[in-house]
Ligand SMILES: Cc1ncc(COP(=O)(O)O)c(C=O)c1O
């Protein structure tokens, strides 16, 4: 198909078998649907290659090659080298392992900075370093904007700061933090930057080198893939941290030192399916072949970003038309500076009331704190009830957004 500059949404939706169910999925920041090539890869791996990979016999060697292929594709995706990537079961566990691997490099009285915006995954594990004598400082959201203001970081950074943990994009507001600028400040005092890219990567393409990230994390089950997660670490840091694996795994075994036990092999074997999905989008939308994977992804993400901006604009126009809706965060569709994740409360109503009302119409949304517990609390909301969250990705259609709007209108107008 010739380049039109717009995403062919019918083609996209055809790549997600779950969308044929009639459900409109708007809880994508919690977990996205799985792309067809990922499902096919998983089935193939489970039925043909379910062996311990890496031993010197045919199928085992082939299994190892396919896992390596997935690793290579992920690395190219974020502009890293394959040996700078650790695939683990979840971002939460990856951060936990990383934090323990860093402990021997820190001294009593050293400081880590965490935020009260972040999901708990890039939060609690660092705060727990207090048990090892570290001082934990909290970079708090601005009471007026509800966002992290970069100037506030200045008063927290010092020669004692060893690490700053911050999210690239809030899983509540969708706002993107300027992690490149944050990184410059962090590096100026000689500290490390650990970025949670979980809510960013499904919408925009991270470039860990351009960001000069020390550590960057994202979860593949929110990126149309299997339930796994990625920890990127600069090679020098992977070499320098204390291995957390068995005593006989050498410190220079970058692939295994932070990878405890075998990864789920059939899921790992499906990682390459994520790249194949994006390649299918590329081949469908662009006539000119592009050999470089990252360049292909950049042009495909350009299309998906444009589509998401159109969905966002429609949803935000609805939000602006209903004074009972209190949106958390900015009411603009953004130009890559926000993800299509919208959280709000409704005047006089409990957030938990809304998902069941929409469920009757096969519309999936959710409510709560989404593990950004501290943020929801800082907003003055009751963390258990929290916010209503609507999170879109590029496979959502304008027709689905219209269904969502109609259903929300009815739910809001319904007497409580
Ligand atoms: C922003 C953000 N960070 C981290 C996580 C945790 O990811 P995982 O479930 O892979 O531990 C989530 C999950 O919802 C998230 O939204």
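Does residue 180 fit the bill of being within 29 Å of residue 388 (Cα to Cα) and under 22 Å from the mean Cα position of the chain (by Cα)? When the stated conditions are applied, residue 180 does not pass them. The condition (being modelled with pLDDT of 95 or more, outside the structural domain of residue 329 (by TED's automatic domain parsing), within 24 Å of residue 81 (Cβ to Cβ) and surrounded by 15 or more Cβ atoms within 10 Å (Cβ to Cβ)) is satisfied by just one residue among 176, 186: 186. Here 295, 283 are screened, and the one residue that is free of Cβ contacts under 8 Å to residues at least 24 places away in the same chain and under 23 Å from residue 43 (Cβ atoms) is 283.
Per the listing 260, 228, 223, the residue uniquely within 16 Å of the ligand (Cβ to nearest atom) and either assigned by TED's automatic domain parsing to the domain that holds residue 299 or at pLDDT below 95 (or both) is 260. Looking at the structure I just gave you, is residue 3 away from the ligand (no atom under 16 Å from the Cβ), modelled with pLDDT under 95, under 30 Å from residue 397 (Cα atoms) and in contact with a helix residue (DSSP H, G or I) (Cβ under 7 Å, 6 or more places away or on another chain)? When the stated conditions are applied, residue 3 passes them. For region 104-127, the condition of being touching a residue at least 40 places away in the same chain (Cβ under 8 Å), at positive phi, touching a strand residue (DSSP E or B) at 6+ places or on another chain (Cβ under 9 Å) and assigned by TED's automatic domain parsing to the domain that holds residue 174 holds for at least one residue. In region 1-100, counting only helices (runs of 4 or more DSSP H) that sit wholly within it, the ones holding 3 or more residues that are under 30 Å from residue 238 (Cα atoms) span 36-48, 58-78.
Of the listed requirements (1) within 25 Å of the chain's Cα centre (by Cα); (2) in a helix (DSSP H, G or I); (3) farther than 30 Å from residue 181 by Cα, residue 408 misses just one: (1).
Scanning region 78-112 for residues that are within 16 Å of the ligand (Cβ to nearest atom) and surrounded by fewer than 16 Cβ atoms within 10 Å (Cβ to Cβ) yields a count of 1.
The values are calculated or read from the model by the stated rules, or taken from the named source; none is laboratory data. Just so you know, these numbers come straight off a predicted model, no measurement behind them. Neighbour counts are summed over all protein chains in view; Cβ atoms, including those assigned to glycine, are modelled from backbone coordinates with ideal geometry.
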